[in-house]
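Just below is one structure, and these are the notes that go with it.
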Amino acid sequence: MKDYRFSDNKDKKRYELDLEDGQVAFIEYINMPNGVIIFTHTDVPYEHENQGIGSQIAAKALEDVQKRDMKVIPQCGFIATYIRRHPEWRKIVATHENL
C-alpha cells in the first residue's frame, strides 16, 4: 500500500491523508484542555475504501497523539475498533484518572 502524506489540519481540527487524486481521508477531533484528544469521526472516500487507508490514518494519528504525550478518547467507532484490534495503542486511551 502506498504511504500517503499525513498532516494535522489544525484549522479544520482533523488529521488528513492526501490521497493524491484531489480527495482526502480524515479523522476529526476535539482537543481538550487536559491533554486529551477526542476522535469523533473518520472518513475515507468511497473510491478508496477497503484499501487500508483508514488503518493508515488511524496508525499515524495515534502515533502523533503518543508523540505529543496526550491521551485519546476513541468516540469514533472505527478508531475504537482499530484500537481493539491493535492493543499496543490501549496505553494511550484516556481513563477516568486522565480526565
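Coordinate-derived values only; no laboratory data. These numbers come from a predicted model, not from an experiment. All Cβ positions, even for glycine, are placed from backbone atoms using ideal geometry, and neighbour counts span all protein chains on display.
The C-beta contact set for region 12-35 (first residue within 14 Å of Ala94 (Cα to Cα), second residue surrounded by fewer than 13 Cβ atoms within 10 Å (Cβ to Cβ) and among the aliphatic types (A, V, I, L, M), distance under 7 angstrom, 6+ apart or interchain) comprises Asn34/Leu99.
From the list Ile57, Ile73, Ile79, the one residue that fits, being in contact (Cβ under 8 Å) with a residue 24 or more places away in the chain and either of a type in the set (Lys, Arg) or assigned to a strand (DSSP E or B) (or both), is Ile73. Assigned to a helix (DSSP H, G or I) and of a type in the set (Ser, Thr, Tyr): is that true of Thr40 in this structure? Here the answer is no, as Thr40 does not meet what is asked.
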